[in-house]
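Here's the structure we're looking at; comments come further down.
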Amino acid sequence: MSGFLDSIRCGDCECSAVDWGERRNTMASIAAGVLFFTGWWIIIDAAVKYPQQESFNHAYHACGVIATVAFLMINAVSNGQVRGDSYSEGCMGQTGARVWLFIGFMLAFGSLIASMWILFGGFVVPQKPVVYPGIAVFFQNAFIFFGGLVFKFGRTEDLWQ
């Protein structure tokens, strides 16, 4: 699954001096870092703009923390460990790596769904005068989620060997 970006061609121009094959991990890491940073920047902006508990409940930060933990969990296991190519020892071996990855994805999807519930249940449906904190919570979790996906599936492990 991590090689689905291999067939994408970035221009067939002969004058192209950039070899994307060798820079794929660098570009995926930079893109994931920018997405992760943007997510946290948005929620920090909302927390600074609305410091009162009435306008922005500070318990909503838990979604972003869970999304960050999920980001780390998803990217802590390599694709080789999940396939069983490079990981046979340890507490549970390949099964443990798969369970770890599954729990990480469950946390990531759960935080994204919870941020949608916060947006609609906490700000849109009650028709609060200010909706930006809810939008910020949702976009924080969406950016962290997509950053985790880019970091997991955008890189290739062929360059590590």
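Data table
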| read-out | value |
| --- | --- |
| Single condition Arg155 does not satisfy, out of (1) part of a helix (DSSP H, G or I); (2) in contact with a helix residue (DSSP H, G or I) (Cβ under 9 Å, 6 or more places away or on another chain); (3) of a type outside the set (Val, Ile, Thr) | (1) |
| Boolean, Val124 is on the phi < 0 side of the Ramachandran plot and either surrounded by 20 or more Cβ atoms within 10 Å (Cβ to Cβ) or at pLDDT below 95 (or both) | yes |
| Helices (runs of 4 or more DSSP H) lying entirely in the stretch 41-146 (those with 3 or more residues that are in contact (Cβ under 8 Å) with a residue 60 or more places away in the chain) | 61-76 |
| Whichever residue in the stretch 98-107 is of a type in the set (A, V, I, L, M, F, W, C) and either on the phi > 0 side of the Ramachandran plot or surrounded by 18 or more Cβ atoms within 10 Å (Cβ to Cβ) (or both) and, among such residues, is modelled with the lowest pLDDT | Leu101 |
| Within the stretch 73-97, considering residues that are modelled with pLDDT of 90 or more and not β-branched (Val, Ile, Thr), the one surrounded by the most Cβ atoms within 10 Å (Cβ to Cβ) | Met73 |
| Verdict on Leu112 being under 11 Å from the mean Cα position of the chain (by Cα) and closer than 20 Å to Ala59 by Cβ | yes |
| The stretch 133-147: number of residues that are out of contact with any Ser or Thr (no Cβ under 9 Å at 6 or more places or on another chain) and farther than 16 Å from Ala70 by Cβ | 2 |
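The values are calculated or read from the model by the stated rules, or taken from the named source; none is laboratory data. These numbers come from a predicted model, not from an experiment. For neighbour counting, all protein chains shown are included, and Cβ atoms are generated from backbone atoms with ideal geometry for every residue, glycine included.
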